[in-house]
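I have placed the structure first, in the form of structure tokens, so that the comments after it can refer back to it.
The values are calculated or read from the model by the stated rules, or taken from the named source; none is laboratory data. Keep in mind that this is a model prediction, so the values were computed, not measured. When we count neighbours, we look across all protein chains shown, and the Cβ atoms used for this are built from the backbone with ideal geometry, even at glycine. Remember, those area values only see protein heavy atoms, side chains included, never the ligands or the DNA or RNA. Shrake-Rupley method; radii C 1.70, N 1.55, O 1.52, S 1.80 Å.
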Amino acid sequence: MKLSADLKAFEARLGYEFSDPELLVRAVTHSSMSSPTRDDNQRLEFLGDRVLGLVMAEAVLEHDRAASEGQLAPRFNALVRKETCAEVAQEIDLGKVLKLGRSEMLSGGRRKLALLGDAMEAVIAAVYRDAGFEPAKATVLHLWGGRVKTVKADARDAKTALQEWAQARALPPPEYIQVARSGPDHAPQFTIEARLKSGERQIASAGSKRQAEQAAAQALLSSLG
């Protein structure tokens with residue numbers, strides 16, 4: 001199988017050339033484009049999540065050999081979460097080569113963080129299936145760059161930090177309520193309210209529910225001091 005020009009260019013951005021090009025094609029094929037003769041990337045995504053996890057677990061251990069498990073866990077979570085995978089995908093312009101169905105294209109699928117994050121994990125798995133763990137590890141460490149060294153010592157995401165704040169005060173977990181949605185389908189804007197049982201609340205908006213929830217949690221944390 002011969003890769004198209006755009007996928008060859010993507011290989012260069014990825015920093016890895018496939019022996020089996022079919023693996024790359026499968027990794028960039030979204031379920032909206034699958035058919036009886038064309039596999040999508042969901043199974044590869046499942047595998048890539050585990051490969052990424054092992055690489056990052058080793059990386060954070062090596063970077064700070066004195067850190068406790070309690071310190072390492074939030075750093076690890078920050079490095080493997082979907083938003084980080086999507087950031088890396090954007091840096092290598094993975095969205096440009098995704099194979100999407102018409103409805104997904106019309107709804108802005110090439111820019112959706114969840115979709116980009118999933119595809120990034122699938123690409124990692126494709127490298128692993130093509131050449132084994134060491135080349136996959138090298139590719140991940142190259143793509144993630146200095147993130148391992150710069151991840152915050154307290155790298156908990158805002159929702160986790162807010163939930164721990166509530167638990168420490170014997171409160172139920174925070175609630176996240178969608179109060180508005182605006183904009184076209186390909187560029188929606190979600191407004192989310194983060195609310196504590198004790199009455200405190202804050203509102204934030206973003207291009208996805210996940211981002212808006214994180215922003216609202218961060219706003220509420222800031223207001224709590």
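Results, tabulated for the structure shown:
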{"item": "For the range 19-28, 3J(HN,Hα) per residue [Karplus equation, 6.51 cos²θ - 1.76 cosθ + 1.60, θ = phi - 60°, Hz, x = Gly/Pro]", "result": "6, 10, x, 4, 5, 5, 4, 5, 5, 9"}
{"item": "Trypsin sites (Lys or Arg not before Pro) restricted to the range 122-162 and DSSP loop, no more than 15 other C-beta within 10 Å", "result": "K152"}
{"item": "Approximate spin-label separation R181-L54, in nm, with each point projected 7 Å along Cα-to-Cβ", "result": "3.9"}
{"item": "Chain lengthening between A67 and E200 when straightened (0.36 nm per residue, less Cα-Cα)", "result": "44.5 nm"}
{"item": "Accessible area (Å², per residue) of the range 1-143, counting only protein heavy atoms and a probe of 1.4 Å", "result": "50"}
{"item": "Highest-MSF residue in the chain out of E17, E134, E69 [GNM, Cα springs under 10 Å]", "result": "E69"}
{"item": "The chain: calculated mean residue ellipticity at 222 nm from DSSP helix runs of at least 4, using -39500 (n - 2.57)", "result": "-17500 deg cm²/dmol"}
{"item": "The chain - percent of accessible surface contributed by carbon and sulfur, probe 1.4 Å", "result": "50"}
{"item": "Interatomic Cα distance distribution for the range 127-166, bins of 10 angstrom, percent", "result": "25, 28, 26, 19, 3"}
{"item": "Length gained when the stretch E11-E134 is fully extended (0.36 nm per residue, less Cα-Cα span)", "result": "42.5 nm"}
{"item": "Rounded to the nearest 10 Å², the accessible area of F18 at probe 1.4 Å", "result": "20"}
{"item": "Percent RCO, i.e. relative contact order, over the chain, from Cα pairs under 8 Å lying at least 6 residues apart", "result": "19"}
{"item": "Surface/4 estimate of mean projected area, convex hull on alpha-carbon atoms of the range 116-225, nm²", "result": "9.5"}
{"item": "Derived scalar couplings ³J(HN,Hα) [the range 71-88; Karplus, 6.51 cos²θ - 1.76 cosθ + 1.60; whole Hz; x for Gly, Pro]", "result": "7, 6, 4, x, 5, 4, 4, 5, 7, 9, 5, 4, 5, 5, 4, 5, 4, 4"}
{"item": "Where the range 157-225 is the region considered: accessible area per residue in Å², 1.4 Å probe", "result": "56"}
{"item": "Inter-centroid distance (Cα atoms) of the range 45-80 relative to the range 99-122, Å", "result": "26"}
{"item": "Square roots of 5 times each gyration tensor eigenvalue, C-alpha, the range 9-94, largest first, Å", "result": "30, 14, 12"}
{"item": "Most to least accessible of Y16, Y128 (protein chains only, probe 1.4 Å)", "result": "Y128, Y16"}
{"item": "Cα-based equivalent ellipsoid of the chain: semi-axis lengths in Å, sorted from largest, via gyration tensor", "result": "34, 24, 12"}
